[in-house]
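Okay, so here's the structure we're looking at.
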Amino acid sequence: MGAAGDILELSARGLAAAIRGGELSASEVARAYLEQIDALEPSLHAYRRVTPELALAQAAAVDDARRAGQALGPLAGVPVALKDIFVTEGVETTSGSAILAGWIPPYQGAHARRLAEAGAVLLGKLTMDEFGMGSANENTPFEPVHNPWALSHVAGGSSGGSAAAVAARSCALALGSDTGGSIRQPASLCNLVGLKPTYGRVSRHGMIAFASSLDQAGPMAREVGDAALALGVLAGADPLDATSLDAPVPDYLAAVDQGARGGLDGAKIGVHRGALELEGLDADVRARFEASLTRLEDAGARVVDIELPHFEHAVATYYVLATAEASSNLARYDGVRYGHRSAADSLRQTYEATRHDGFGPEVKRRILLGTFVLRAESYADYYGRAMKVRTLIARDYARAFERCDLIASPTAPIPSWPLGAKIDDPLALYLLDMFTIGANLAGLPAISIPAGFTSAAPRLPIGVQLIGPRLAEPALLGAAAAHEARCDWHREQPQLLEARA
Amino acid sequence: MPIPDYEVVIGLEVHCQLATATKMFSACACSIGGEPNTRIDAYTLGLPGTLPVPNRVAVDHALRLALVLGCEVQPLSRWARKHYFYPDLPKGYQITQSDQPYATGGAIEIPDHAAADDPLATKRIPLQRIHMEEDAGKSTHTGEHSLVDYNRAGAPLVEIVSLPALRSAAEAADYMRELRTIVRYLGISEANMEEGTLRCDANVSLRAWGAAELGTRCEIKNLNSFKFLEAAIQAEVRRQADLLDRGEPVVQSTMSYDPGRDQTKVMRTKEAAADYRYFPEPDMPPLRIDAAWIAAAQAELPRLPWPRRRELVALGLTAYDAGVLTAERELADYFDAALDDPSRAKALCNWITGELLKLLNASERGVADCPVTPAALAELVGLVEDGTLSGRVAKVVLDEVFRDPSLSPRAIVERDGLRQVSDADAITAMVREVVEQHPEQLAQLLAGKDKVRGFFVGQVMRASQGRANPQLVQRALATVLDELRAARGEVED
C-alpha cells in the first residue's frame, strides 16, 4: 500500500487500523491528504485554513510513538479537520465571521483536545456559514464552499466546509456542529453520514456558541463506522460544560458492527406521514426515502405510523429561540477585548461600527430578530410562547417513542441547489430545516445517512434521517449500519475525484 | 425630626462579594485588588467558546446566608442573563438570577431605638429575596482613555433585597451594620464597604403619615460607605420633601449622591431605563439545592449576634458590653471559650474589652491572632477573683503572657512570687511600719485630711511590691488609725 489514491480510499476506521498495524505511516497519510487539499481547494474552498506543519508534526509524533511501542489512541494518525466554530489553541478560529478574523485562541477547546489525545492529525479549519447561521455556506465574508458532487452547487450548511472536505477526500473525518440541522443537512447534500448526538453527549466547551440550548457537536464521515469511532472519542462529561451529560459512554463501534451484521431484528421505525405531504418535498427525495424504508424493512425493521402533532410549528419555534440565544451569545463581539474593531469617536460609535462592519447580513438579521423577541414587552408573546411549544414538541417525540424505537424522515426536503439561487430568500431557506429542527428542540440524537441520488442530472446526493430517544446513539448507529450494509452509496465518489484519478 | 410631614420609606439592595478562592462561574483565582488584569482567564474575558460552571463553594456560602436569615431556600432556581453593553461587562450580559432566585423571604433584625426601656429590643426588616450573580469588571476613566480591569469580573456576589421596611437613614445604616456582622460571622465575605465587597443601592420614597400606598421611589446608586449611605438618604429625603412641599411630583429616577454638595442628582429617569432582555441562561441547568445540602449547611451555622447578645445580658453584662463582645464573631467566641464560670462573666468581659483589646490594638492584631489563649485569660481572671492576684499585678502578668504565650499566668505568679498578700497580720505590720515612717502625713490624716489615706495605701502597696491585698490594706489602715486615735484620746482625756 501507500499510493495516495489508496490512502484516500480508506475509511477513517481503516486508516487507524492500517497505521496501528504498521501498513501505513501517519506521515505518509498526512502527506497524501495535504496533497489532495492542495489539488482540490482552488475549486472547493472547503478550508478556511490548512495547518500542514501542525499536521505533519502530529503525524510524526504518532509514527514515533508507534516505533517506540507506545499504545496508540483510537484515531492515531487519522487526518481530521474541524469546522471553524471549534476553538483551536494557537490556530486562528473565526466561526466564519469577519468579526473574529485573526483571533488566535489562547486556550484549547474540548474537541481539538480530545481528538489530539486520541492521536488524530489536524489538517486545518473548515469553512462554514457565519456563526453557524445558514444552510448553504453562502453567509460568509470569505469564499463560499462548493459541493464536490456538482461544483456549481451548494454543499449545504452551516457545516458545508466539513461536508465538502469529507466528500472530496480532503480529510478522513470532520467535525461539524448542529443547531438546527447544520451537520445533517450538509451531510445529506454531500452523500455523507452526519451525526448530531444527544444534547449534552459531547461537550460544548470550545465550540463557539450560536444557540446554546440547541448547539451540539458531532462527526461527519463517509461511513457509519467512522462516525461511531469519532463519537466514542468525543462523548463524555466535561467539567467545563455544565450541560454536558454524565452518562457512561457505550461502545459505539460494537453497535455499528452488530447493526451491519445482525440487522434490525424487529426494531420499529416510526414515520410521521403527515410531514411527507407538506409543500416543498422534492419527488426524488420522497422516492429515496421510501426506498430507504424498504431497505430498513429488509434488515428486519418494522415501519409504523406515528404522529408529531406540533411538527409544523418547529421552524417558527426554532427561529424565535435560536435567534434569541444568538442575540445574547453574540453580544460579546464588541471590539473591546479581541477580534475586529472599527475605530470610532465614542464608545457607542465604536460598538456600532464594529458590529456593523464585523457581522454579515444574516447574522445581523438574526440578532435583530432575537433582540426583538427578548424585549420585555414582546418576551411573553414570542420567547415565552416558543418555550411552551418547545415543551410540546419534546412531548410529541416522547409519546412517539412509546410506539417506535427510531423515527425516520428525509433529512432535507430538497437536494442541493445552485450557488446563489436562494440567497435572497431567507424564509425559504429557514423552511428547509423542517425535518432536522425537531431533534435540536427536543435534544435528541439524529443521524443523516446516504440514501441515493437524484434521478436527473446533475446527479445530487440525497440523505435520510433517523432520530432516536435520548442517548440512543447505539440504536441509531446500528440502524444506520444495517442500512449501509444494504447499499453502496457511501462508496461512491464525487466526479471531480474520478476526473483527477 | 427634621422632616415631620412625611413618613420615610426605604428599601435596600445590598451586594456582597463572597469570599471564595475562585470566581462564580470559572476556576479563575478570585481575590480583592492585585495588579490590573492579573486575575483573569478565558471565561472571565468572555472569550468565544467558554462556558460558565457554577462554583459550589460560592453557592454554599450563599446558602448559609439564606439559612441564617430565615429565607425559604428554593430547591430549584434558575440562572438568567441580563444584557447591556459596557466594556467592563465581558460577555455583553451578566449572569444573575431573575424571576427564580435561590432564596426568598427572611429578615434582618436591627436595634429598635423606639423601645427605650429595652436596649435589646429589635425590629425585623423583612427581605424580599436573595440571589446570586457574577460581578462586572472595573472601569477607570482618565481624561482621554478609559481603562478596564477584569480582576473583579466574574467575582461571586449575593444581592440581598429588603422590603421597603426601613424608616430612616439611621435604620438603613443599622441594617447594613447588622448584615455586615452576619456575613462576617458566617465567614462568607470580607464585607468591606471601602473595598467594595459590600455595596448598597437605596430605594427611597416619602408618603403622608398614615398613607397606605407607597410614594414614588427613587434609587440612589453606589453608596460605598456608612457615612455616605446615611448622608445620601437624608439628602434624597430632603429633595423629595421639597418637591412634595411645593406640590410637585416625584419622578421615578435613578440617583447619584454628590458628597461635596451633599445632594442627590438624577442620573436617569424611568423612561430612559434600559431593557435588560432577561432570559433563562441556556449554558447551565437550573440550580438544585437538595435537602441533604441544606442539612449539611445548617449543621455548620454559627450562633448569630442577637441571640448571643441576649445570652450575655442574661449573664449580667450591660447591653453595651454585649454589643462590643458580639461585634466580631471571633471576640464573642473568645469570650465564650474563656468563660469557665458564669459568675465571673462581668469580670471576664472587663478584662477582654479593657486590657486585652488594648494590647491587641497596640500590637495591631485581631482577636484571631491573640497570643493569650482563652484558657490563659480565664486562669488570670480566676486568680484575680479568688484574691490570689491583685488587679494591678494581674495587668503585669497579662502583659507578660501576651509577650510570651508559653507562660501561664499561674506559672508567672509562682515564679515571681506575685501572690497577693492577704495575711491580715502581715499587712497590719506593714501599715504600722509605714505610719511610723511618715509622722507628718499621719498628723495630717489624724487632723481630718482624709485624702492622705490614699498616700498610706500607696506606700503599703509599694512596700509590698503591689502584692498586698488593697482591701485588706484599707481595712488594716482603718484599724491602725482607730488604735492611734484611741491612744491619743486617752492621752487627751
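The values are calculated or read from the model by the stated rules, or taken from the named source; none is laboratory data. Computed from a predicted structure; not experimentally measured. Backbone-built Cβ (ideal geometry, glycine too); neighbour counts: all protein chains shown. When the accessible area is computed, the model is the full protein with side chains, heavy atoms only, and any ligands, DNA or RNA have been set aside. Shrake-Rupley method; radii C 1.70, N 1.55, O 1.52, S 1.80 Å.
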- Just name the residue that is surrounded by the most Cβ atoms within 10 Å (Cβ to Cβ) out of those in the range A:280-316 that are in contact with an Asp or Glu (Cβ under 7 Å, 6 or more places away or on another chain) and under 30 Å from A:GLY384 (Cβ atoms). A:LEU308
- Query: Yes or no: B:ILE32 touching a helix residue (DSSP H, G or I) at 6+ places or on another chain (Cβ under 6 Å), at pLDDT below 95 and away from every other protein chain (no Cβ under 14 Å)?
  - Reply: no
- Any residue at all in the range B:328-349 that is at pLDDT 95 or above, among the hydrophobic types (A, V, I, L, M, F, W, C) and surrounded by fewer than 13 Cβ atoms within 10 Å (Cβ to Cβ)? no
- Selected residue [within 14 Å of another protein chain (Cβ to nearest Cβ) and not hydroxyl-bearing (Ser, Thr, Tyr)] from B:GLN94, B:GLN128: B:GLN94
- Query: Is it true that A:VAL336 is within 14 Å of chain B (Cβ to nearest Cβ), of a type in the set (Val, Ile, Thr) and either open to solvent by less than 30 Å² (accessible area, probe 1.4 Å) or under 19 Å from A:ILE99 (Cα atoms) (or both)?
  - Reply: yes
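Per-residue answers, yes or no, for (1) small (Gly, Ala, Ser); (2) open to solvent by less than 30 Å² (accessible area, probe 1.4 Å); (3) within 30 Å of B:ALA362 (Cβ to Cβ):
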residue	(1), (2), (3)
B:ARG419	no, no, yes
B:VAL431	no, yes, no
B:VAL434	no, yes, no
B:VAL457	no, yes, yes
B:ALA463	yes, no, no
B:ASN469	no, yes, yes
- Query: Counting just the residues of the range B:258-278 that are within 30 Å of A:ARG385 (Cβ to Cβ) and among the hydroxyl-bearing types (Ser, Thr, Tyr), which one comes out surrounded by the fewest Cβ atoms within 10 Å (Cβ to Cβ)?
  - Reply: B:TYR276
- Message: Here are the criteria: (1) more than 27 Å from A:ALA17 (Cβ to Cβ); (2) surrounded by 18 or more Cβ atoms within 10 Å (Cβ to Cβ); (3) away from chain B (no Cβ under 13 Å). Tell me which single one A:GLY119 does not satisfy.
- Response: (1)
- Message: Quick test of your reading of the structure: B:GLN100 fulfils all but one of (1) open to solvent by 20 Å² or more (accessible area, probe 1.4 Å); (2) away from every other protein chain (no Cβ under 14 Å); (3) in contact with a Lys or Arg (Cβ under 8 Å, 6 or more places away or on another chain). Name the failing condition by number.
- Response: (2)
- Message: Looking at A:LEU231 and the list (1) within 14 Å of another protein chain (Cβ to nearest Cβ); (2) under 17 Å from A:LEU444 (Cα atoms); (3) in contact with an Asp or Glu (Cβ under 7 Å, 6 or more places away or on another chain), which single condition is not satisfied?
- Response: (1)
- Filtering the range A:234-251 down to residues that are away from chain B (no Cβ under 14 Å) and in contact with a Gly (Cβ under 8 Å, 6 or more places away or on another chain), which residue is most open to solvent (accessible area, probe 1.4 Å)? A:ASP251
- Out of the residues in the range B:14-54 that are of a type in the set (Ser, Thr, Tyr) and open to solvent by less than 30 Å² (accessible area, probe 1.4 Å), which is nearest to B:GLN128 (Cα to Cα)? B:THR20
- So, in the range A:447-501, of the ones that are without any contact (Cβ under 8 Å) to a residue 60 or more places away in the chain and not hydrophobic (A, V, I, L, M, F, W, C), which residue ends up most open to solvent (accessible area, probe 1.4 Å)? A:ARG491
- For residues that are open to solvent by 50 Å² or more (accessible area, probe 1.4 Å) and under 18 Å from the mean Cα position of the chain (by Cα), scanning just the range B:279-312, find the one that is nearest to A:ASN329 (Cα to Cα). B:ARG303
- Task: Please work out if B:MET193 is at pLDDT 95 or above and either in contact with a Leu (Cβ under 8 Å, 6 or more places away or on another chain) or buried (at least 18 other Cβ atoms within 10 Å of the Cβ) (or both).
- Result: no
- Query: Could you count how many residues in the range B:269-312 are in contact with a Pro (Cβ under 8 Å, 6 or more places away or on another chain) and within 14 Å of chain A (Cβ to nearest Cβ)?
  - Reply: 5
- Among the residues of the range A:339-351 satisfying the criterion of being modelled with pLDDT of 95 or more and more than 10 Å from chain B (Cβ to nearest Cβ), which is surrounded by the most Cβ atoms within 10 Å (Cβ to Cβ)? A:HIS340
- Item | Some residue of the range A:388-395 being at negative phi, away from chain B (no Cβ under 14 Å), open to solvent by less than 10 Å² (accessible area, probe 1.4 Å) and in contact (Cβ under 8 Å) with a residue 40 or more places away in the chain | yes
- Task: Mind listing whichever residues of the range B:350-397 are part of a helix (DSSP H, G or I), open to solvent by less than 20 Å² (accessible area, probe 1.4 Å) and farther than 23 Å from B:THR318 by Cα?
- Result: B:ALA376, B:LEU383, B:VAL393, B:ALA394, B:VAL397
- Query: Going by the structure shown, is A:ARG399 at pLDDT 95 or above, under 18 Å from A:ASP178 (Cβ atoms) and open to solvent by 60 Å² or more (accessible area, probe 1.4 Å)?
  - Reply: no
- Item | Filter pass, A:ALA221 being out of contact with any Pro (no Cβ under 6 Å at 6 or more places or on another chain) and open to solvent by less than 10 Å² (accessible area, probe 1.4 Å) | yes
- Task: Please go through the range A:369-384 and pick out each residue that is within 13 Å of another protein chain (Cβ to nearest Cβ), under 15 Å from A:HIS313 (Cβ atoms) and open to solvent by 40 Å² or more (accessible area, probe 1.4 Å).
- Result: A:TYR382
- Residue check for A:SER43: assigned by TED's automatic domain parsing to the domain that holds A:SER95, among the polar types (S, T, N, Q), buried (at least 19 other Cβ atoms within 10 Å of the Cβ) and in a helix (DSSP H, G or I): no
